[in-house]
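Take a look at the structure below.
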Amino acid sequence: MECGGIWGTAANALLCKRVSRNDTLARPIIDGMRASALLFICLSCHAQNPSFEQVGPLISQDGSRLVGSAQETVYLHNNPAAHDPSFDEVLTFLRRDETHEYRYTPKKFMCTEFAVMLHDHAEQAGLRCALVSIQFTQGEGHALDAFKTTDCGVVYVDCTGTLSKEPQLLDVYNTIAYVEPGKPYGRLPLSVGGIDPNRYSHYEKVMRLWNCEEERSRDLEEERKGLDERNRALEQEQGQFAHFNGRPASPEQADQIQSNIRDYNARVTALKKAQEAFNAKVASINKIQLALRCKYEMNPAPVKTIEAWWPK
């Protein structure tokens, strides 16, 4: 199943742009009462917590300024008391956080806004977090977050949501991200990425498994059709036996009928075993596809640069 992601509307997919220091900036516009309220909370955390430090504008190594989807200057709010968490702490925080549930809105609430919101939520929770900007060999860049965990090293996190309004799909956008220069950007849901959160080889392994399972799904569809044909043939044969039921027959005919019935029963047993094996294969594929309920639509170009703004 394909889920609409950040590259689902390519014509409008303004992700994480850079502008020169002299560009005029517009204020962000966020749709929805809930999103507006929470964004206000994020932006006002410095006022509520005077000990927090407001950081920005964020200047890249090339001198450009990181801006949001409405060309506004990006500011972060760091908690001087925040600590580098364990990976379990990161997972606990992400499972409680609701950033990924916000609707992705082109040119209004996109990857940068998701990343800033998650960063500020993490800092408020006492977890030291970095905002990360990646650029690709072609196309627009992307914003995400990172944690320097005490047991798993640097772990990238991407909570960029979706255009979809289906609530049952939202949890798949709470993801571990896989970033490696020269290779495509990757995302995996927490239940899958959490097994090995910072090795790109794990992402590649899962993708190979996914592609393999998709191929197996196509093969199983052909197998299902074959089983259905065998079942229909046996049902027709069963009707023929009913035709002979109660009718007089010679000893030779009776022996032939009994032989046919034994052969029929053997083929019924074989079909039952084949159906059980088929059901086991289907269950195996469903288990994998339940964990990987969508393929994230992302910039397919290789990652070119990675830049992170860590709290001091």
What distance in nm lies between label points placed 7 Å from Cα along the C-beta direction at T150 and A277? 5.2
What is the distance, in nm, between label points placed 7 Å from the Cα along the Cα-to-Cβ direction at D88 and at N211? 3.7
Place the peptides 102-109, 228-235 in order of packing, highest mean first, counting for every residue the other Cβ atoms within 10 Å and averaging per peptide. 102-109, 228-235
Cβ density ranking, 10 Å radius, fewest first, applied to C152, C212, C129, C111 yields C212, C152, C111, C129
Quick note on R187, R65, R199, ordering by fewest other C-beta atoms within 10 Å, gives R199, R65, R187
Would you list T269, T149, T92, T175 from fewest to most Cβ contacts within 10 Å? T269, T92, T149, T175
Rounded FRET efficiency, nearest 0.05, which uses the C-beta distance separating A266 from E101 and R0 of 51 Å: 0.40
For the pair A254 and I195, the simple spin-label estimate (label points 7 Å beyond Cα toward Cβ) gives in nm 6.1
Links exceeding 25 Å between C-alpha atoms in this model, out of K225/K281; K148/K183; K107/K183; K107/K205, come to K107/K183; K107/K205
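Each reported figure results from applying straightforward, stated rules to the coordinates on display, with no laboratory input. If you're wondering where the values come from, they're calculated on a predicted model, not measured in any experiment. Using ideal geometry, Cβ is built from the backbone for each residue, glycine included, and neighbour counts are taken over all protein chains shown.
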